[in-house]
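Participant: Quick one: the structure is below, questions incoming.
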2 protein chains.
Amino acid sequence: MHSQILEDAGLSGKSGQFTFDLVAQQGRARAGIFHTPHGILQTPLFAPVGTQATVKSITPDQLNELNASLILANTYHLFLRPGDDLVAELGGLHHFMNWPNPILTDSGGFQVFSLAESRKIDADGVTFRSHIDGSTQRLTPESSIAIQQNLGADIIMAFDECAPPYDPEYNRRAMERTHAWAYRCLRAKTRPDQALFGIVQGGIFPELREVSAAYIASLGFPGHAIGGLSVGETKEEMNSILEIVDRILPEDKPRYLMGVGTPEDLVNGVLRGVDLFDCVLPTRLARHNSAMTRTGRLNLVNATYTRDQAPIDENCSCYTCRNFSRAYLRHLIAAREMLSATLLSIHNLHTLLQLAREIRQAIIEGCFDQFAANFFAQRSGSEQETSR
Amino acid sequence: MHSQILEDAGLSGKSGQFTFDLVAQQGRARAGIFHTPHGILQTPLFAPVGTQATVKSITPDQLNELNASLILANTYHLFLRPGDDLVAELGGLHHFMNWPNPILTDSGGFQVFSLAESRKIDADGVTFRSHIDGSTQRLTPESSIAIQQNLGADIIMAFDECAPPYDPEYNRRAMERTHAWAYRCLRAKTRPDQALFGIVQGGIFPELREVSAAYIASLGFPGHAIGGLSVGETKEEMNSILEIVDRILPEDKPRYLMGVGTPEDLVNGVLRGVDLFDCVLPTRLARHNSAMTRTGRLNLVNATYTRDQAPIDENCSCYTCRNFSRAYLRHLIAAREMLSATLLSIHNLHTLLQLAREIRQAIIEGCFDQFAANFFAQRSGSEQETSR
């Protein structure tokens with residue numbers, strides 16, 4: 001029955017346009033190429049987040065200069081404003097925001113549970129109040145897919161329920177709902193030029209994660225996401241859940257760790273078989289005056305940097321580090337100049353994009369173990385950082 | 001006596017590095033080249049304003065893409081924050097803000113009179129309270145020059161007093177003070193790699209403007225500015241003052257109309273012999289959601305633009321107009337995304353920079369009269385706009 005639906009949707013096996021080629025593997029780490037209608041994705045990769053059809057404070061030209069390939073946009077936000085019907089009328093998200101490269105939209109599930117002013121879940125979907133105007137709105141698996149089809153991203157996500165990580169009963173119920181909704185999303189999808197990814201849930205509970213990964217994998221999605229992580233659990237718990245899921249998800253399809261991460265999350269995720277990452281962290285930290293480096297963060301408000309002629313990171317090749325001192329960035333922040341957000345976003349995005357590129361190269365060259373060991377050795381002593 | 005000072009300062013005649021070559025003239029309009037240590041300026045030109053050592057929301061790369069040549073920074077702001085001594089320690093303004101092309105700093109005079117929380121003028125200078133922290137500060141002709149020498153711009157301005165335009169007695173006193181201070185600025189200046197421009201004052205009073213232009217011209221500055229305009233007087237009054245001053249200032253030196261303007265101000269100014277303009281308008285309007293075109297302004301908040309797939313201006317070749325619809329810009333504004341300020345700033349700056357380039361080309365080709373007639377014919381019906 002499943003396979004019939006998948007064939008109808010043109011998504012079974014590798015017959016669609018969304019093939020995933022593994023280029024190299026080292027341990028659990030993989031380097032791959034995922035083909036989409038708007039270009040290839042070289043994995044492992046990090047996707048900048050453009051919640052409202054813009055990566056905050058950055059132009060598409062600047063994103064291109066950063067060699068970003070995939071960006072993420074949020075269905076919840078675009079559904080509420082400007083509306084997915086308007087985006088469709090204006091030619092779809094790629095045209096609307098002038099991003100000719102691949103785009104991924106989430107399903108709205110995570111945002112409804114974390115942002116909407118009040119929400120009520122039933123078996124069919126979620127009713128909630130918009131955080132913008134308080135209006136009553138509803139999302140279901142079917143409407144999430146319809147919205148994502150209007151937006152027109154290359155990769156779209158199944159509508160899921162993300163539970164707080166430590167409540168076993170809540171997680172069991174949320175997982176079962178996520179499974180039922182995943183199946184309904186597959187049935188609802190009609191556009192052949194979009195790849196629908198399923199999402200594994202189950203909190204920090206190994207047995208739930210095993211059940212969830214097996215069930216989601218059985219539906220034959222062209223890619224799989226791991227949801228419900230980086231939502232309050234420890235790094236050790238996240239890593240052990242990744243190891244469980246990694247053993248079950250099929251190797252010939254990409255795995256996407258949603259809403260993660262920090263530099264160390266990327267390395268830890270790749271070590272456990274993850275191919276795709278996204279996170280608001282680089283641009284959000286930028287707007288809070290914080291610069292990300294592989295060895296830790298700099299808060300550029302600090303008076304230490306008043307006369308500091310060095311760039312954020314001597315080893316960084318981004319536009320910001322090639323051209324501006326810490327002292328200048330600190331001045332922009334003190335003077336409340338918008339340019340600080342732009343220049344720090346460029347640097348922070350470069351940090352993660354470049355790290356993912358170097359991870360990929362290390363896997364291809366067979367030296368990723370050494371790369372990861374060096375990475376963690378450099379970070380020892382720096383505090384643990386979370387993605388959200 | 002004057003000429004001795006000028007020779008000491010290396011500024012007499014055209015012997016310095018700041019030569020001005022007239023390339024073409026048509027009526028009173030002129031096309032010229034002004035040579036500075038950081039490159040040539042092709043006049044007429046419009047200078048974007050980078051008050052706090054940044055053109056708000058725009059990177060130097062984006063300014064380069066706009067082919068901006070000269071930018072202005074404000075002495076008052078940089079004196080208060082981060083401090084001119086710090087800028088000097090960090091290599092001067094060009095290096096600090098990563099702008100290798102020409103820079104002009106104003107004297108702080110206009111800003112002290114319009115921004116400082118309270119100010120007391122005496123014959124020697126002005127004591128005022130900082131708008132940032134309320135601290136008591138002081139500027140004199142000598143300290144303004146010292147600050148501007150620390151900042152290191154190519155063109156620096158004499159410290160002047162800008163009076164409200166309609167009070168004859170106030171304007172006479174302010175003019176006389178401006179004259180005394182201009183002389184003191186010349187004596188204070190020591191750096192040979194900066195051109196100090198004198199400023200003509202006198203409100204809307206022809207007889208004061210004649211006296212002021214003649215006196216300032218007599219001091220032998222390498223360039224002259226017309227201050228105290230676009231501060232509340234009518235367009236007709238501004239234009240008639242420009243005509244008076246134009247007859248008196250020497251033709252072989254550039255004339256700079258400070259703090260102006262709108263597209264029509266540029267055309268009107270050039271018709272009356274002006275070579276240089278600067279104004280915060282393009283970037284300030286951008287932050288208030290307004291797009292400048294040659295035929296008027298568009299307020300992109302307007303619901304009219306919700307589904308409008310056209311660019312701001314079909315005839316505009318800027319990055320924003322080549323890539324984004326009015327509907328997308330309106331969405332960014334509604335969603336309070338910073339990118340709207342960046343994209344509108346790019347467009348608005350392009351409008352004025354490109355207009356100045358086309359004016360220059362028309363003068364060189366001998367068709368500026370026709371160009372100006374067409375320009376005003378296109379604008380008929382649009383409301384009168386002011387620069388400040």
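The values are calculated or read from the model by the stated rules, or taken from the named source; none is laboratory data. Since we're looking at a predicted model, the values are computed, not measured. Virtual Cβ from ideal backbone geometry, glycine too; neighbours counted across all protein chains shown. Surface accessibility is based on the protein's heavy atoms, side chains included, excluding ligands, DNA and RNA. Shrake-Rupley method; radii C 1.70, N 1.55, O 1.52, S 1.80 Å.
Participant: Would you confirm whether or not the stretch A:112-126 contains a residue that is within 15 Å of A:PRO141 (Cβ to Cβ) and hydroxyl-bearing (Ser, Thr, Tyr)?
Facilitator: no
Participant: Right, A:GLN361: open to solvent by 50 Å² or more (accessible area, probe 1.4 Å), away from chain B (no Cβ under 11 Å) and in contact with a helix residue (DSSP H, G or I) (Cβ under 8 Å, 6 or more places away or on another chain) or not?
Facilitator: No; evaluated as a whole, the condition is false for this residue.
Participant: Let me ask you something else. Criterion first (touching a residue at least 40 places away in the same chain (Cβ under 8 Å) and buried (at least 18 other Cβ atoms within 10 Å of the Cβ)) does A:ARG255 satisfy it?
Facilitator: Numbers: touching a residue at least 40 places away in the same chain (Cβ under 8 Å): no; buried (at least 18 other Cβ atoms within 10 Å of the Cβ): yes.
Considered against the rule, which asks whether it is touching a residue at least 40 places away in the same chain (Cβ under 8 Å) and buried (at least 18 other Cβ atoms within 10 Å of the Cβ), A:ARG255 comes out as no.
Participant: Taking B:GLU251 as meeting all but one of (1) part of a helix (DSSP H, G or I); (2) over 13 Å from the mean Cα position of the chain (by Cα), write down the number of the exception.
Facilitator: Going through the list (1) part of a helix (DSSP H, G or I); (2) over 13 Å from the mean Cα position of the chain (by Cα), B:GLU251 breaks only (1).
Participant: Next question. From the list A:PRO102, A:PRO82, which one is within 11 Å of chain B (Cβ to nearest Cβ), in contact with a His (Cβ under 7 Å, 6 or more places away or on another chain) and not polar (S, T, N, Q)?
Facilitator: Just one listed residue meets the conditions, A:PRO82.
Participant: Restricting the first residue to the stretch A:280-292 and requiring it to be within 14 Å of A:ILE346 (Cβ to Cβ) and open to solvent by 40 Å² or more (accessible area, probe 1.4 Å), which pairs with a second residue that is at pLDDT 95 or above and assigned to a helix (DSSP H, G or I) meet a Cβ separation below 8 Å and a spacing of at least six or different chains?
Facilitator: Partner pairs satisfying both residue conditions: A:ARG287/A:ALA341; A:ARG287/A:LEU344; A:ARG287/A:SER345.
Participant: Could you give every pair whose Cβ atoms fall below 8 Å, whose first residue belongs to the stretch B:85-111 and is more than 11 Å from B:ASN74 (Cα to Cα), and whose second residue is open to solvent by 10 Å² or more (accessible area, probe 1.4 Å) and of a type in the set (D, E, K, R), counting only separations of at least 6 or pairs across chains?
Facilitator: B:LEU86/A:ARG307; B:GLU89/A:ARG307; B:LEU90/A:ARG307
Participant: Are any residues in the stretch B:45-84 among the polar types (S, T, N, Q), open to solvent by 10 Å² or more (accessible area, probe 1.4 Å) and free of Cβ contacts under 8 Å to residues at least 40 places away in the same chain, and if so, which ones?
Facilitator: Once the filter is applied, which keeps residues that are among the polar types (S, T, N, Q), open to solvent by 10 Å² or more (accessible area, probe 1.4 Å) and free of Cβ contacts under 8 Å to residues at least 40 places away in the same chain, the stretch B:45-84 yields B:GLN52, B:ASN64, B:SER69.
Participant: Suppose the filter is part of a loop (DSSP other than H, G, I, E, B), more than 14 Å from every other protein chain (Cβ to nearest Cβ) and either under 27 Å from A:LEU285 (Cβ atoms) or out of contact with any Ser or Thr (no Cβ under 7 Å at 6 or more places or on another chain) (or both); does A:SER57 pass it?
Facilitator: Considered against the rule, which asks whether it is part of a loop (DSSP other than H, G, I, E, B), more than 14 Å from every other protein chain (Cβ to nearest Cβ) and either under 27 Å from A:LEU285 (Cβ atoms) or out of contact with any Ser or Thr (no Cβ under 7 Å at 6 or more places or on another chain) (or both), A:SER57 comes out as no.
Participant: Consider A:SER218 carefully, then state whether it is closer than 30 Å to B:GLU89 by Cα and modelled with pLDDT of 95 or more. I'd like the intermediate steps shown before the answer.
Facilitator: Working: closer than 30 Å to B:GLU89 by Cα: no; modelled with pLDDT of 95 or more: yes.
Judged against the criteria, A:SER218 is not a match.
Participant: If A:SER114 passes every condition in (1) open to solvent by less than 40 Å² (accessible area, probe 1.4 Å); (2) farther than 29 Å from A:LEU339 by Cα; (3) within 17 Å of the chain's Cα centre (by Cα) but one, which one does it miss?
Facilitator: It is condition (1) that A:SER114 fails.
Participant: Name the residue, out of A:ARG272, A:ARG326, A:ARG322, that is farther than 26 Å from A:PHE376 by Cβ, charged (D, E, K, R) and surrounded by fewer than 24 Cβ atoms within 10 Å (Cβ to Cβ).
Facilitator: Exactly one of A:ARG272, A:ARG326, A:ARG322 is farther than 26 Å from A:PHE376 by Cβ, charged (D, E, K, R) and surrounded by fewer than 24 Cβ atoms within 10 Å (Cβ to Cβ), namely A:ARG322.
Participant: Looking at (1) touching a helix residue (DSSP H, G or I) at 6+ places or on another chain (Cβ under 8 Å); (2) surrounded by 15 or more Cβ atoms within 10 Å (Cβ to Cβ), which is the only condition B:ALA195 fails?
Facilitator: Result: B:ALA195 fails condition (1) only.
Participant: Any residue at all in the stretch B:372-386 that is touching a residue at least 60 places away in the same chain (Cβ under 8 Å), open to solvent by less than 20 Å² (accessible area, probe 1.4 Å) and not in a helix (DSSP H, G or I)? Let's see the steps before the verdict.
Facilitator: To start, the set of residues in the stretch B:372-386 that are touching a residue at least 60 places away in the same chain (Cβ under 8 Å) comprises B:372, B:375-376, B:378-379, B:382-386.
With open to solvent by less than 20 Å² (accessible area, probe 1.4 Å) added as a condition, the list becomes B:372, B:375, B:379, B:385.
Applying the additional criterion that residues be not in a helix (DSSP H, G or I) yields B:385.
The answer is yes, given that some residue of the stretch B:372-386 is touching a residue at least 60 places away in the same chain (Cβ under 8 Å), open to solvent by less than 20 Å² (accessible area, probe 1.4 Å) and not in a helix (DSSP H, G or I).
Participant: Also, quick follow-up: Just to be sure, is A:CYS316 surrounded by fewer than 24 Cβ atoms within 10 Å (Cβ to Cβ) and under 28 Å from B:THR51 (Cα atoms)?
Facilitator: no
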